[in-house]
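The values are calculated or read from the model by the stated rules, or taken from the named source; none is laboratory data. Quick caveat, the model's predicted, so the values are computed rather than measured. A quick note on method: Cβ atoms are made from the backbone with ideal geometry, for glycine too, and the neighbour counts reach across all protein chains shown. Note: areas computed on protein heavy atoms with side chains; ligands, DNA, RNA excluded. Shrake-Rupley method; radii C 1.70, N 1.55, O 1.52, S 1.80 Å.
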Amino acid sequence: MKRVAGILLKTVLPLVLGVYLIWYLFTSMDPVVKAAFYKALHEANYFWIFLSLLLSFFALLSRAYRWKYLLEPLGYKTSFWNRYHAIMIGYIVNLTIPRAGEASRAAMLYRSDGVPFSKSFGTILGERVFDLIMLFSVALIASVVGAGDFWKIKELIEDSNPESASKVQLVKWIIAGVFLLGFAIVFLIKSIRQKVIGFIKGLFAGALSVFKTKNPGAFIGHTLFIWVLYIVYFSICFFALDETTDVPTKGMLLAFLAGSLGITLTNGGLGIFPIVVGLVIEYYLQDQYGSDAKGIGYALGMIIWSSQTILIIVLGVISFFLLPKNYSKDGEIRTDQE
């Protein structure tokens with residue numbers, strides 16, 4: 001029963017939420033907004049989207065190269081392309097089962113290079129710590145340069161619907177209740193408390209593991225390079241539409257932050273990514289384009305999300321077929337490889 005409940009929470013609930021948000025996105029647009037939405041899709045300059053995808057691919061390559069710096073201190077020499085394929089398969093798994101990609105990535109590297117699951121998974125946790133640090137850094141920068149706009153965007157969402165203010169308050173109470181319930185469960189149930197403590201210790205150990213590498217500077221350099229590419233490939237998409245080319249840098253950062261947080265709530269940001277990115281864009285365009293601003297914002301959010309999702313699916317499927325199966329489940333080298 002617990003296993004079924006876990007599957008429902010991890011897979012079905014985010015997927016249902018994502019599908020609902022896609023439905024909401026299209027049904028919430030009146031004819032004027034919908035016309036602006038399809039007009040923007042039709043008139044977009046997709047050269048910038050192609051360039052965005054190219055930069056995204058470079059970020060994926062850099063992520064594959066960075067991984068070796070955490071694996072080498074453990075005594076494992078792995079193939080660059082095997083690491084890349086494992087990462088891409090992990091990404092495509094994340095589209096179906098949120099947060100399951102890390103485990104799949106470790107399993108794939110075991111299948112190709114024989115690195116024990118527990119050890120490679122530990123290095124992935126280490127990477128995640130630094131990625132969280134970068135995300136928090138981006139959030140801090142965005143909150144500083146766009147602090148006033150952040151609260152105005154919040155007011156825009158609430159003022160657009162008389163009932164939304166009460167809904168926001170309800171969501172706040174629900175979040176607070178869930179947080180308190182989770183804290184009580186962790187505090188009262190020893191087994192769960194031990195797992196949480198172990199997880200926190202693992203995060204710290206993963207963060208410290210980078211300093212055990214032979215070249216921590218290269219690891220940190222790749223991390224910075226990856227996140228700069230993330231922001232750049234997201235931001236240059238704004239040049240795909242004439243209407244969004246003048247959105248200020250702080251607006252792009254706020255939209256990037258909104259999209260990054262949205263991805264964690266549904267399968268690959270299904271539904272929620274174009275909505276939250278679109279709302280940020282609407283705020284910066286509403287004075288000039290009026291009601292069309294929402295359609296333009298939703299359109300750009302949809303273009304960014306769909307193009308990146310298609311890229312992940314295509315590369316993930318290719319990697320699934322190209323990743324060699326050199327090791328069997330019991331750890332023995334397979335002799336039936338051609």
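Things worth noting here:
- Accessible area per residue in Å² at 1.4 Å probe, computed on segment 1-148: 51 Å²
- Rounded, prolate or oblate (a/c below 1.5 giving rounded, otherwise prolate when a/b exceeds b/c) for segment 46-104 by Cα gyration tensor: oblate
- Spacing of the two label points (7 Å from each Cα toward its C-beta) at residue 100 and residue 141, in nm: 3.5 nm
- The solvent-accessible area of residue 113, taken with every protein chain present and a 1.4 Å probe, is close to 30 Å².
- In order along segment 136-153, the phi-based Karplus estimate (6.51 cos²θ - 1.76 cosθ + 1.60, θ = phi - 60°) of 3J(HN,Hα) comes to 5, 5, 4, 4, 5, 5, 5, 5, 7, 6, x, 4, x, 5, 4, 6, 5, 5 Hz; Gly and Pro are listed as x.
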